[in-house]
Amino acid sequence: MAAAAQEAEPACLQSFDLYESASRFYIFGTNADKTVWRLLKIDRSETSELDIDECSTVYTQAEYLELVSGLDEDHRSTGGVKFVTKFYGIIGFIKFLGPFYMLIITEQRKIGEIFDHPVYQVTKTSMIELANSKSRSSFLNPRDENRYKKILNTLDLRKDFFFSYSYPIMRGLQKNLRDPQEGWSLYESTFVWNEFLTRQIRNCLQSTLWTVALVYGFFKQDKFAISGKDIMFTLIARRSRHYAGTRYLKRGVNEKGRVANDVETEQIVYEAVPMPTEVSSVVQNRGSIPLFWSQDTSKLNIKPDIILHEKDKNYEATKLHFENLRGRYGNPIIIFNLIKTRERRESMLRREFDKAIRIINKLFSEENQLRFLHWDLHKNSQGEPTNVLDVLLKVAFRALTLTEFFYCQVAPPTGSETAPHWPALLHSHDPYFCDENSNSDISQEDISGSSDSSGNGTTEDKAETSELPQLKPPIFQKGVLRTNCIDCLDRTNVAQYAYGLAALGHQLHALGCVESPELGLGAPVAHHLMHFYERMGDTLAVQYSGSAAHNKIFSAKRGHLKLFIRSQEFFRTLQRHYSNACIDANKQAAINLFLGYFQPKQGSPALWELESSSEEHNNGSFGHTSDSIKRVNSDGSILSVSNTSISGCSGCHNELLTAAQPDVSTELQSSKMESDLVYVNEITSPIESKMSNSRYTPTLSHDHIHDVPSSQLDPCNSGDSNFLDLEWLSNSGNSSDERSLAVSTPDAHLSTENVISDIIPETMENQVAGVQAQKLPEQFVQWVNNGNSFWF
């Protein structure tokens with residue numbers, strides 16, 4: 001062909017035409033401007049293996065049309081070649097008990113771009129059965145096959161899955177500029193959710209040309225004007241595919257150090273001009289408390305017991321988790337723990353977490369020491385919301401002195417308008433560039449600062465000039481701030497907003513947009529940023545817990561009436577409880593299928609035949625219940641657990657599953673934790689587990705706990721830290737650069753996670769029990785369970 005040697009490198013395929021004959025599928029892929037066409041063939045007669053062949057020839061558009069006509073003539077005796085659909089990328093291939101299915105993106109929507117590289121959200125998908133009518137007749141048990149398909153349908157790919165053809169959206173900006181990667185290695189990322197589904201086609205073709213790497217989480221981008229400049233702001237949340245799942249079925253840590261609800265958040269800032277030369281980003285992390293703990297799903301108890309599992313007395317999994325984080329982000333790792341100090345369920349975890357950190361730090365070198373702060377956000381948020389945000393800003397400024405943030409100047413991108421290349425980081429051989437580890441002219445005062453929330457300073461508008469800005473040394477983020485509460489949703493999101501605001505001031509200052517690196521809570525850009533983080537918090541909360549986040553502090557900051565806030569929090573609590581009790585088992589099963597953590601096999605137990613309580617799900621024991629298990633419930637009592645396992649709310653969902661799988665039992669470890677692969681099912685059998693499944697609680701009895709002074713029960717009271725002066729943090733502020741704090745006395749029995757302030761938990765649980773005793777209105781169920789379909 002005339003175009004056979006047209007391209008020395010594979011083109012970025014962005015659009016695909018699917019044709020079918022009786023024996024094969026033909027996929028023609030083309031680039032954005034339709035100048036290059038490639039051909040992929042899939043055999044439909046082979047059912048046990050995926051038989052894919054890629055044609056090495058590169059075609060022009062005219063040659064593509066001729067080839068289609070020729071294929072139609074070749075298959076004339078069996079009905080010719082028929083056009084099936086146009087699509088925008090292969091998600092992957094999956095097999096249940098019968099044939100293979102191909103998952104494809106049939107509709108997409110552009111949601112932003114990074115340096116002219118578009119980012120798309122999946123808006124419609126389709127699942128194509130590869131078997132033809134002849135091979136399909138040989139399959140047995142179509143009922144189970146259809147049930148697996150129905151389970152997978154509950155994972156809605158139209159919500160919060162995004163990708164880019166040309167920008168590695170699964171990696172942070174600093175990594176992309178300092179250590180560019182492409183192709184195969186990108187799919188090994190912690191944040192590529194279709195790594196398993198694409199594994200066979202990548203192994204077969206040794207190429208990623210035909211697939212897209214899906215990231216699950218949140219993406220929002222917008223422009224705002226400051227000091228006469230249009231600034232492009234991007235907020236990205238990437239959810240880890242390891243130990244992924246729903247609220248009560250995924251808690252704590254697994255044996256590999258992977259934690260539940262592990263999300264990386266990145267905010268990117270650069271000037272919104274055709275070829276920006278400066279860019280900044282900062283990354284933070286959230287994740288479940290890295291201990292072996294769980295909560296059983298309860299139909300009536302809105303605050304189920306927290307259960308600690310005595311299976312890792314040396315905290316090996318906890319230690320491995322922080323080593324994983326160090327492999328991803330470097331040093332230091334800063335732990336910001338927001339759980340309560342005086343509510344007995346949470347304080348139990350707080351004491352155990354603190355003990356684990358201190359023991360692990362004894363094993364680490366001084367360089368690898370974990371920095372930590374335990375600070376009860378609920379206790380300190382009983383007054384005005386500005387007060388708690390001021391304190392969080394103080395913590396954020398201090399954390400930034402340790403981790404810093406990423407800033408650099410870049411060489412303008414090259415390439416055509418339809419296929420731009422990624423801009424290059426100016427590096428050490430550039431004449432004006434200093435050593436990458438040197439931030440010598442960036443003083444600590446530039447990064448630290450007070451939490452004054454009165455406003456921000458800006459520079460005068462600069463005169464436009466055609467000259468390139470003077471080259472400045474880069475700043476590299478080292479380490480990460482890791483924030484957690486119990487669910488890592490509501491309180492965590494408020495703290496992440498404060499860190500994002502503190503970092504944004506430094507980012508804008510580095511870009512020359514503001515005179516002072518301190519942005520106050522009253523600045524217009526702070527309100528804009530709050531909206532971003534509130535949207536992100538709601539999205540992540542729906543993914544993990546089934547309802548939007550409890551945004552009590554954000555709502556109060558905006559001046560909403562207390563009655564409105566309380567009613568909103570109450571209904572979100574009901575929505576979350578209904579989802580956890582009635583929907584999450586199905587959703588967890590779908591996630592396990594999609595990620596390959598459960599792979600159906602003929603002759604093996606079906607997914608719905610396995611146990612699904614949170615205990616079995618997190619610990620990897622099926623059909624086993626320990627009589628010696630103890631737990632701490634919401635009023636502090638220590639109770640023995642019964643043998644009955646609650647697996648869901650029967651009748652709340654069609655074909656509600658009793659299966660939800662535990663996580664990986666074996667996995668290769670790598671020094672680069674970012675590239676860890678899971679080539680085996682993330683499911684542990686009772687035989688494979690070498691750890692005890694017994695559970696324990698502190699031995700402090702209910703009868704004596706009321707006689708213990710609170711100072712002895714929690715000697716650290718409102719916080720404890722090895723990197724931050726708590727006296728300074730809680731100082732009412734006599735100096736001019738510190739805002740006074742008016743923290744009221746906390747109520748030890750109220751939770752910002754599950755209960756609205758001033759509503760007694762027992763009263764709320766009685767109300768929920770009353771609602772569930774009646775038949776739920778159809779409108780309410782639809783409101784809670786909106787959008788449960790996968791393919792349309």
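Could you pull out every residue, at least 5 positions away or on a different chain, whose amide H is within less than 5 Å of the one on Gly245? Hs are placed 1.01 Å off N in the peptide plane, and Pro or chain starts have none.
Excluding prolines and chain starts, which carry no amide H, the hits are Asn261.
Evaluate E = 1/(1 + (r/R0)^6) for Arg76 and Asn153, where r is the Cβ-Cβ distance and R0 equals 51 Å; express this FRET efficiency to the nearest 0.05.
0.90
What is the diffusion coefficient of the range 157-283 in µm²/s, taking the Kirkwood radius over Cα pairs and the Stokes-Einstein relation at 4 °C with a viscosity of 1.567 mPa s?
79
Reported to two decimal places, what Rg/Rh ratio describes the range 1-145 when computed on Cα atoms with Rh from the Kirkwood expression?
Taking Rh as the inverse mean 1/r over Cα pairs, Rg/Rh reads 1.00.
Label 7 Å along Cα→Cβ of Met275; the range 112-127 residues with amide nitrogen under 16 Å?
The answer is 115-117, whose backbone nitrogens lie closer than 16 Å to the label point.
Of Lys86/Lys150; Lys110/Lys478; Lys175/Lys220; Lys223/Lys340, which ones are farther than 28 Å apart at the Cα?
Beyond 28 Å between Cα atoms: Lys110/Lys478; Lys223/Lys340.
Any idea what the alpha-carbon Rg over 2.2 N^0.38 Å comes to for the range 304-360?
1.25
Taking every alpha carbon pair in the range 48-124, what does the distance histogram look like in 5 angstrom bins from 0, in percent?
Spelled out bin by bin, the range 48-124 gives 3, 10, 12, 16, 19, 20, 12, 6, 2, 1, 0 percent.
What is the diffusion coefficient of the range 107-213 in µm²/s, taking the Kirkwood radius over Cα pairs and the Stokes-Einstein relation at 10 °C with a viscosity of 1.306 mPa s?
98
Run the quick spin-label model on Lys110 and Lys223: label points 7 Å from Cα toward the beta carbon, then report their separation in nm to one decimal.
1.4
Sort all Cα-Cα distances of the range 211-304 into consecutive 5 angstrom bins from zero, then give the percent of pairs in each bin up to the one containing the longest distance.
Result, from short to long distances: 3, 12, 16, 15, 13, 12, 9, 8, 6, 4, 2, 0 percent.
P(r) for the range 278-381, please, calculated from all Cα pair distances in 5 Å bins and given in %.
Pair shares across the bins are 2, 10, 20, 21, 19, 13, 8, 4, 2, 1, 0.
Can you list the HN-Hα couplings for the range 15-28, worked out from phi with the Karplus curve (6.51, -1.76, 1.60; θ = phi - 60°), rounded to whole Hz and with x for Gly and Pro?
9, 9, 10, 9, 10, 9, 10, 5, 10, 8, 9, 10, 10, 9
Since every read-out is calculated from the coordinates, none of them should be taken as a lab result. Treat the numbers as computed from the prediction; the structure is a model and nothing was measured. Backbone-built Cβ (ideal geometry, glycine too); neighbour counts: all protein chains shown.
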